[in-house]
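Working notes, beginning with the structure itself.
The values are calculated or read from the model by the stated rules, or taken from the named source; none is laboratory data. Just so it is clear, the structure is predicted and the values come from calculations on it, not from any experiment. Reconstructed Cβ throughout: ideal geometry from the backbone, glycine too, with neighbour counts over all protein chains shown.
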Amino acid sequence: MSGSNEFDVLVVGAGAFGLSTALHLKRRGVASVVLIDKNPFPSLDAASNDTSRIVRPDYPDAFYANLGRETFTAWNSDPVFRPAFHKTGRIMAGLPGDGFVAATLETLQSIGVPGLEPLDSAQVARRWNGLNGPMKNWNMYYNPEAGWANARQGLELAMKEYIRLGGRFLVEDITSLLQEGQSVTGVYTASVAAGAYTPQLVPRIGAQIHPVGFAIAHWRLDKKEQETWKDHPVVDLHHNGYFFPPNSSGLMKMGVGMAGYGNAPDENLVSKPLRCHDRIPAAAEKHIRWILSQTAPALAEKEFFDVKVCWDGMTADGHWLISAHPELEGLYVAAGGSGHGYKFLPIIGKYIADLVDGALGADFEAKWRWREGTSEPRDVIQGRPIVDLNLALGARNELAKL
Ligand SMILES: Cc1cc2nc3c(=O)[nH]c(=O)nc-3n(C[C@H](O)[C@H](O)[C@H](O)COP(=O)(O)OP(=O)(O)OC[C@H]3O[C@@H](n4cnc5c(N)ncnc54)[C@H](O)[C@@H]3O)c2cc1C
């Protein structure tokens, strides 16, 4: 990085974690903060830069459920973020035998989330007439205290506020952090929040963060369909896929959760992320159409507007890695969003700034600690098989030839 130590804190990566950190440092009065990204803002390589992300407190672990409530309140009430939030509620669904839905509902009830409603498929169809698929014996409930954020808009609003508060943003590709003995040179404090690219930058990180690609597809609704779908909730079929009501351009989106994709893995099976890929494997498309056939059959054959494979940094246990580096003084890591980090954009930087200030609570430190040596090479992460993307796309090409 060019320049010298003219700033108090350097933050690498302007996605949800880095941008939120930079914003909260400015909000608490740190005089000089520099936020760097390798791409013009918003970065085409950021998991955080997309049309939509779910905002929900629905976690079986009360720790994240409480954090989810905190961020839901922030999306609803912080004037910086409110314009990007859509409080549509969310249907959490599980296939027969999947205990996740019941465990999550129990946690939400135990922490006092209001308005939770267990529903069956007939009740769902009566209430939201686009959702008239069989959903046979699915376990479901509706949580009104949830919705979705326009992800790109959320980033843009956060950046606008950060700049208004006097923060600086630079475009520079950080290829390594210069070390001198036990510290990072040229900076007093550095926080690396480079998402799926973090393993390439942080010494000793090993296999704690696995860059994993996930498939998404958008399709467009006509005016009549938009009218039908406009007041519908987000629908999330646990471990399979989730879809959003239409955005202001009439686009609906589904993300596939049943498998992740890897690329050129090293000996620990840690892959190299790719820029969002404009093809998806045949199995992903098939799964999207199957979920729609079960939930909203009228949409199951829609032509896709676009398809992509987008990358996030996944940890083996789903807890983020938000920690001081064990060896390099002044270096912090804030990454491993693990497929659920975006929704915390309004609040996560507060906790990262607490860490830098030495004031992060013990329970947070324990969840997000440096976990070197605890991760083995793995081709299944959080129960999802990690499939080689090139092979999976190859299979698609073969299919296309038949
Ligand atoms: C398909 C998909 C669907 C998801 N759905 C949801 C959801 O519904 N709800 C939810 O809460 N979460 C969701 N997530 C997870 C969420 O998007 C991520 O956990 C979160 O956005 C990660 O934020 P981040 O700041 O860690 O990383 P990113 O947003 O990836 O930001 C990292 C930044 O670092 C920059 N960078 C990388 N290398 C360098 C370098 N060498 N020098 C300088 N800059 C660098 C990149 O350009 C990028 O801007 C989803 C993720 C994916 C992939």
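Summary table below
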{"quantity": "Contacts under 7 angstrom Cβ, first residue in the range 130-158 being more than 18 Å from SER248 (Cα to Cα), partner charged (D, E, K, R) and not in a loop (DSSP other than H, G, I, E, B), 6 or more apart", "calculated": "TYR141/GLU117; TYR142/GLU117; ASN143/ARG90; ALA146/ARG90"}
{"quantity": "Enumeration of residues in the range 251-268 that are buried (at least 17 other Cβ atoms within 10 Å of the Cβ), assigned to a loop (DSSP other than H, G, I, E, B) and among the small types (Gly, Ala, Ser)", "calculated": "GLY257, ALA259"}
{"quantity": "Pairs where the first residue, in the range 186-205, is among the β-branched types (Val, Ile, Thr) and the second is modelled with pLDDT of 90 or more and surrounded by fewer than 17 Cβ atoms within 10 Å (Cβ to Cβ), C-beta under 9 Å, 6+ apart", "calculated": "ILE205/GLU372"}
{"quantity": "Every residue from the range 323-339 that is farther than 16 Å from GLY213 by Cβ and in a loop (DSSP other than H, G, I, E, B)", "calculated": "HIS325, PRO326, GLU327, LEU328, GLY330"}
{"quantity": "The one condition in (1) at negative phi; (2) away from the ligand (no atom under 15 Å from the Cβ); (3) modelled with pLDDT of 95 or more that GLU6 fails to fulfil", "calculated": "(3)"}
{"quantity": "Boolean, PHE364 is under 27 Å from LEU201 (Cα atoms), surrounded by fewer than 22 Cβ atoms within 10 Å (Cβ to Cβ), more than 15 Å from the ligand (Cβ to nearest atom) and touching a residue at least 24 places away in the same chain (Cβ under 8 Å)", "calculated": "yes"}
{"quantity": "Yes/no for GLU372 being over 14 Å from the mean Cα position of the chain (by Cα), away from the ligand (no atom under 16 Å from the Cβ) and within 16 Å of PRO203 (Cα to Cα)", "calculated": "yes"}
{"quantity": "Residues (within 21 Å of SER248 (Cβ to Cβ) and part of a loop (DSSP other than H, G, I, E, B)) located in the range 79-102", "calculated": "PRO79, VAL80, PHE81, LYS87, THR88, GLY89"}
{"quantity": "Subset of the range 222-244 that is in a loop (DSSP other than H, G, I, E, B) and surrounded by fewer than 23 Cβ atoms within 10 Å (Cβ to Cβ) - its residue that is farthest from the ligand (Cβ to nearest atom)", "calculated": "ASP222"}
{"quantity": "Of all residues in the range 23-40 being part of a loop (DSSP other than H, G, I, E, B) and within 11 Å of the ligand (Cβ to nearest atom), the one that is nearest to VAL202 (Cα to Cα)", "calculated": "LYS38"}
{"quantity": "Exclusive hit being among the polar types (S, T, N, Q), surrounded by 14 or more Cβ atoms within 10 Å (Cβ to Cβ), within 13 Å of the ligand (Cβ to nearest atom) and under 15 Å from VAL234 (Cβ atoms), set SER43, SER52, SER20", "calculated": "SER52"}
